[in-house]
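Colleague: Here you go, one structure.
Please treat every number below as a calculation from the coordinates, not as lab data. The structure presented is a predicted model; accordingly, all values stated were derived computationally and were not measured. So basically every Cβ, Gly included, is an ideal-geometry build from the backbone, and we count neighbours across all protein chains shown.
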Amino acid sequence: MAAFLFGLLLFAMQSPPIPSTPAAYSSPSPLPPPGDNGSAGVVHPNGTVQRLPDIVIIGVRKGGTRALIEMLSLHSAVAAAQNEVHFFDWESHFQKGLPWYVRQMPYALPGQLTVEKTPAYFTAGKVPGRLHRVNPDAKLLLILRDPTERVLSDYTQVSYNRLLKHKRHRPIEEVLVKDGEVNLDYKALNRSLYHVHMQNWLRYFPLGSVHVVDGDALIRDPFPEVQRVERFLRLPPQIDASNFYFNRTKGFYCLRDRGRERCLHDSKGRAHPRVAPDILHKLYRFFHEPNRKFFELVGRTFDWN
Ligand code: A3P
């Protein structure tokens with residue numbers, strides 16, 4: 001009974017206040033002043049806590065973000081948000097303030113790290129500054145794939161969504177090429193210009209706060225990539241090779257967790273459309289220079305092009 005009352009007291013004390021706008025701020029902001037993360041978290045009577053994430057998977061869309069968060073969740077010291085939160089990139093969510101954000105977080109046990117993933121963060125201009133103001137010590141995970149593959153994956157996802165909404169099918173050539181050249185207006189192309197977005201993140205976070213996961217390697221053989229993530233997060237090594245098995249029907253690795261086996265949802269690992277070799281070639285050529293710039297930024301190369 002005493003423990004229950006104590007829990008209730010803690011809960012009441014730690015419920016995050018609605019952040020007020022300090023006088024020094026001319027425009028109203030849903031965030032507290034810099035240096036004050038404004039929300040220690042919500043402590044629940046059972047001892048779990050909802051708090052700001054220690055780790056954010058910032059993208060990239062179609063990079064393998066779902067696979068990454070599911071694989072990371074195999075670790076007992078990780079508590080992961082189930083849904084994409086879109087706090088820093090959607091104004092309607094951002095305006096709800098930090099207490100709302102905290103309430104989207106999982107119930108973490110003492111000692112667990114909290115993680116959320118919102119793949120759109122990587123390419124949304126305002127996000128790094130906003131996140132830095134809330135948590136300058138956040139550890140960022142960025143999972144990237146060959147930018148051409150990522151464009152095809154992005155196109156495939158959008159095509160499925162259009163089909164569901166009974167919208168006209170747009171052949172891949174129609175979106176990828178304009179006047180015989182790569183169509184620079186195609187949004188999916190911009191999302192694969194990794195150096196542009198990375199530069200923006202590095203204005204706020206040091207390179208040491210960002211770990212780039214090789215999404216192509218994660219598909220081929222997830223365990224070594226996951227081990228690298230464990231090391232970056234300073235987690236005791238716990239995830240094991242036996243946590244992964246290749247499922248021939250799915251054509252991807254699936255997860256084994258305490259005897260239970262599961263693959264990712266059918267929307268992950270879809271077949272991509274066939275693209276004429278000359279267009280594919282154009283795309284690879286187009287990404288050559290942006291890729292080089294990205295490698296220079298992060299001091300590491302990837303097996304793209
Ligand atoms: P495709 O569906 O184009 O193959 P995200 O979760 O960021 O949307 O990324 C989706 C991509 O994750 C998929 O793209 C797939 O290639 C990749 N992926 C990586 N590991 C996977 C796994 N074990 N099972 C299914 N998809 C995986």
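Colleague: The stretch 77-127: which trypsin sites (Lys or Arg not before Pro) are DSSP loop and have at most 14 other beta-carbon atoms within 10 angstrom?
Modeller: Qualifying residues, ordered by number: Lys126.
Colleague: Indicate, rounded to the nearest 5 percent, the antiparallel portion of the DSSP beta bridges found entirely in the chain.
Modeller: 45 percent
Colleague: Just round it to a whole percent: the fraction of Cα-Cα distances in the chain exceeding 35 Å.
Modeller: Considering the chain, 26 percent of its Cα-Cα pairs are separated by more than 35 Å.
Colleague: Could you line up Asp257, Asp179 from fewest to most neighbouring Cβ atoms inside 10 Å?
Modeller: Asp179, Asp257
Colleague: At Asp266 and Tyr284, where each label point lies 7 Å from the Cα along Cα→Cβ, what is the point-to-point distance in nanometres?
Modeller: Rounded to a tenth, the inter-label distance reads 3.3 nm.
Colleague: Mind listing the phi-derived Karplus ³J(HN,Hα) values for the stretch 50-58, rounded to whole Hz, using 6.51, -1.76 and 1.60 with θ = phi - 60°, and x for any glycine or proline?
Modeller: 9, 8, 4, x, 7, 10, 10, 8, 8
Colleague: Chymotrypsin sites (Phe, Trp or Tyr not before Pro) within the stretch 98-129: which are DSSP loop residues with at most 12 other Cβ atoms inside 10 Å?
Modeller: Answer in residue order: no site qualifies.
Colleague: If I require 24 Å or longer along the helix axis, counting alpha carbons, and a Kyte-Doolittle average no lower than -1.0, what helices from the chain are left? Use full DSSP H segments.
Modeller: Taking the DSSP H segments of the chain (at least 24 Å long, mean hydropathy at least -1.0), we get 147-164, 277-298.
Colleague: Here's a follow-up. Between Phe252 and residues 5 or more places away or on another chain, which pairs have amide H atoms under 5 Å apart, with H built 1.01 Å from N, and which residues are they?
Modeller: Asn247
Colleague: In whole angstrom, note down how far apart the Cα centers of the stretch 274-289 and the stretch 149-164 are.
Modeller: 18 Å
Colleague: Between Ala77 and Arg220, what is 0.36 nm times their sequence separation minus the Cα-Cα distance? Round to one decimal in nm.
Modeller: Once the chain is fully extended between Ala77 and Arg220, it gains 48.9 nm.
Colleague: Further question: Which lysines, if any, have their Cα less than 25 Å from the Cα of Lys96, not counting same-chain residues under 8 positions apart?
Modeller: Cα-Cα hits under 25 Å: Lys117, Lys126, Lys139.
Colleague: Given only helices, namely DSSP H runs of n ≥ 4 each adding -39500 (n - 2.57), what is the per-residue ellipticity at 222 nm of the chain, to the nearest 500 deg cm²/dmol?
Modeller: Calculated at 222 nm, the ellipticity per residue is -11000 deg cm²/dmol.
Colleague: Taking 0.36 nm per residue of sequence separation and subtracting the Cα-Cα distance, how much length would be gained by fully extending the chain between Lys250 and His44, in nm to one decimal?
Modeller: That works out to 70.2 nm of additional length.
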